[in-house]
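What follows is a set of notes on a single structure, which appears directly below.
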Amino acid sequence: MKNFLHLLARFGALALPILFLSACATPQMDLPTSIGTDIAARTGVKPAWSGIDSTDTRDGKSLRAAAAVALPNPLNEVDAVAIALDASPDIARMLAETDALRSQAIEIATPLNPVLNFSSGVPLDSLGVVPIFAMLMVQIDELWKQPIRSESARDSYEAALLSLGAEAVALANQTRSLWHELFLREQECTLATNDIALTEPLLAWARDRVQAGEGDENAVAKAQSVYADALRRGALATEMRDFAKLSLMAMLGRAEASVDWSVGSADPTAMHAIHAALADESKLLDRLAQSRLDVRAAQAREKAAHGRLVLAQQSRLGQIQLGAGWERTLENQQALGVAANIELPIFNIGSMRIAKASADYRAATIAAEKVRQTAIIELRSSLVKAMSAQKRHDFSELTQVNPAIETVQRMNKAMQAGEMAERDSIDAQHSLTLARLELTGLERERRSSRLALSKAAGFLPTEEFP
């Protein structure tokens, strides 16, 4: 027993340094920090799943159960964004994929387990000596390969995180756009209802004048056409409001919920992006590479592909295993020794593996450049649309709404002074309503284009454009 312990100690003296080399093959991986701050800044809310250590366990059943949950009434803009981020199947799927990549990255960063080879036998007679062989092997080529592999896995995980953030930003932007569309559609319904109430008396007055012999049928036909147009506008406004509400409910994952709710208050943190002065294009482009999460994700995927190329180049020399062992022979002789297993690159020298990794890297660089150029065009196009929408809105307000307001004010004063008939005042109010309806439509386009610009630039809802 004493001799066995002595041999075990000597075996350990050889094996422990090898185990130490294996444990040092890869340092503890520095995982990317949570993108919760980025998501919160660009969406205006911070979902519970945005923390790096959060666990998301949603599945199809939970999303289906949420489909019938009633929405808050009224539904505020910031609540709509929070619900959308929580209920999105695409976000839930990407969370699961990202969690899988995180686990994979941690596993790759963990040193490989050593391999123990042990062989013995059964004596056939009482005097027989059983040979024993024990060898502990570790793969030491991981000393230079595993850090590269680990860094590439980390970059892939970071790319998944950034892609998740980009998807959340896009979803939040779409939700805000739909919320503001519904908000303005409800205003259109109010204006259209008021216009019906204005034009209905005009038709009654025209008919009364014909019966009194003071008017003609042409006036009745004109008033009837105006009233019919008002009814059509009211029906269309109601249809578009209901359609916008259902579209928003679909975005919020509430397909089966009640439609008995209305919009509440806008998010004050997003008002700057909607109403601030438009930014200079060159300054926005200068910050695009860091502000756009999808551009950063493409860069991380490119970096991960480069890591795989370096790994392939470092792997021309195959596996190298180093081990220490103890042996007792049939002659009852004992020995301690070391062993090395080296894969000889005779038939497969890794050239095709390097060629594939090189092609994958080129493809990743092309994809990253495509994402960058797409982001630039999206930004420049969004800026053009935002500027155009702003001009159309301002022109309509200046040339149609403001003059119509002044006309109504003059008509009301003249009517109160007995210098103008009430019908003329109602005509002026009808013209103002039509102008406001047009301006409301232009305001929808303006807000939508401004939110699209905010997303394209990758800036925070509360951040001032440069």
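The values are calculated or read from the model by the stated rules, or taken from the named source; none is laboratory data. Remember, it's a predicted structure, so these values are computed and weren't measured experimentally. In this analysis, Cβ positions are derived from the backbone assuming ideal geometry, glycine residues included, and neighbour counts consider all displayed protein chains.
Kindly indicate whether any position in the stretch 413-428 is among the polar types (S, T, N, Q), farther than 30 Å from Ser163 by Cα, at pLDDT 90 or above and crowded, with 18+ Cβ neighbours inside 10 Å.
no
Filter the stretch 329-359 down to residues that are among the polar types (S, T, N, Q) and either in a strand (DSSP E or B) or touching a Pro at 6+ places or on another chain (Cβ under 7 Å) (or both), then give me how many there are. Spell out the reasoning first.
Start the filter on the stretch 329-359 by keeping residues that are among the polar types (S, T, N, Q), which leaves 329, 332-334, 341, 348, 351, 358.
From what is left, the residues that are either in a strand (DSSP E or B) or touching a Pro at 6+ places or on another chain (Cβ under 7 Å) (or both) are 329, 334, 341.
Qualifying residue count, the stretch 329-359: 3.
Can you tell me which residues in the stretch 409-425 are closer than 21 Å to Ala206 by Cα and within 52 Å of the chain's Cα centre (by Cα)?
Ser425
For the stretch 359-379: of the residues being more than 20 Å from the chain's Cα centre (by Cα) and in contact (Cβ under 8 Å) with a residue 12 or more places away in the chain, which is farthest from Leu285 (Cα to Cα)?
Looking at residues that are more than 20 Å from the chain's Cα centre (by Cα) and in contact (Cβ under 8 Å) with a residue 12 or more places away in the chain, I get Asp360.
Only one of these is at pLDDT 90 or above, crowded, with 16+ Cβ neighbours inside 10 Å and over 27 Å from the mean Cα position of the chain (by Cα): Arg233, Arg292. Name it. Walk me through it before giving the result.
Working: Arg292 fails: over 27 Å from the mean Cα position of the chain (by Cα).
Unique residue meeting the criteria: Arg233.
Test Ile354 against the stated conditions and say whether it is in contact (Cβ under 8 Å) with a residue 24 or more places away in the chain, more than 30 Å from Gly234 (Cα to Cα), loosely packed, with under 14 Cβ neighbours inside 10 Å and β-branched (Val, Ile, Thr).
no
Which residue is nearest to Ala70 (Cα to Cα), if the candidates are limited to the stretch 236-257 and must be surrounded by fewer than 17 Cβ atoms within 10 Å (Cβ to Cβ), in contact (Cβ under 8 Å) with a residue 60 or more places away in the chain and aliphatic (A, V, I, L, M)?
Among them, the one singled out is Ala257.
Could you check Asp260 against (1) over 19 Å from the mean Cα position of the chain (by Cα); (2) over 19 Å from Thr175 (Cβ atoms); (3) modelled with pLDDT under 90; (4) surrounded by fewer than 16 Cβ atoms within 10 Å (Cβ to Cβ) and say which number it fails?
That leaves (3) as the condition not met.
Taking into account only those residues within the stretch 141-183 that are part of a helix (DSSP H, G or I) and of a type in the set (Asp, Glu), which is modelled with the lowest pLDDT?
Going through the stretch 141-183, the residues part of a helix (DSSP H, G or I) turn out to be 142-183.
This time we only want the ones that are of a type in the set (Asp, Glu), so: 142, 151, 155, 158, 167, 181.
Details: Glu142: 84, Glu151: 91, Asp155: 93, Glu158: 92, Glu167: 93, Glu181: 97.
Taking the candidates together, the pick is Glu142.
Considering only residues that are modelled with pLDDT of 85 or more, loosely packed, with under 12 Cβ neighbours inside 10 Å and in a loop (DSSP other than H, G, I, E, B), which ones fall in the stretch 34-76?
Once the filter is applied, which keeps residues that are modelled with pLDDT of 85 or more, loosely packed, with under 12 Cβ neighbours inside 10 Å and in a loop (DSSP other than H, G, I, E, B), the stretch 34-76 yields Ala68, Ala70, Pro72, Asn73, Pro74.
From the list Glu158, Glu186, Glu107, Glu200, which residue is acidic (Asp, Glu), under 30 Å from Ser454 (Cβ atoms) and surrounded by fewer than 20 Cβ atoms within 10 Å (Cβ to Cβ)?
Sole residue among the options that is acidic (Asp, Glu), under 30 Å from Ser454 (Cβ atoms) and surrounded by fewer than 20 Cβ atoms within 10 Å (Cβ to Cβ): Glu186.
Residue check: is Glu419 farther than 29 Å from Leu231 by Cβ and part of a loop (DSSP other than H, G, I, E, B)?
Answer is yes for this residue.
How many residues, within the stretch 184-200, are of a type in the set (Ser, Thr, Tyr) and modelled with pLDDT under 95?
Number satisfying all stated conditions: 1.
Answer yes if at least one residue in the stretch 392-402 is free of Cβ contacts under 8 Å to residues at least 12 places away in the same chain, under 30 Å from Arg287 (Cα atoms) and either among the aliphatic types (A, V, I, L, M) or surrounded by fewer than 20 Cβ atoms within 10 Å (Cβ to Cβ) (or both), and no otherwise.
Looking through the stretch 392-402, at least one residue is free of Cβ contacts under 8 Å to residues at least 12 places away in the same chain, under 30 Å from Arg287 (Cα atoms) and either among the aliphatic types (A, V, I, L, M) or surrounded by fewer than 20 Cβ atoms within 10 Å (Cβ to Cβ) (or both).
How about the stretch 263-289: which of its residues are surrounded by 17 or more Cβ atoms within 10 Å (Cβ to Cβ) and within 30 Å of Ala66 (Cβ to Cβ)?
Listed by number, the residues that qualify are Val263, Ala266, Asp267, Ala270, Ala273, Ile274.
What residue, of Ser448, Ser425, Ser431, is in contact with a Ser or Thr (Cβ under 6 Å, 6 or more places away or on another chain) and either among the polar types (S, T, N, Q) or not in a helix (DSSP H, G or I) (or both)?
Residue meeting the stated conditions: Ser448.
Would you mention how many residues in the stretch 261-310 are in a helix (DSSP H, G or I) and either without any contact (Cβ under 8 Å) to a residue 40 or more places away in the chain or farther than 30 Å from Lys145 by Cα (or both)?
Result for the stretch 261-310: 18.
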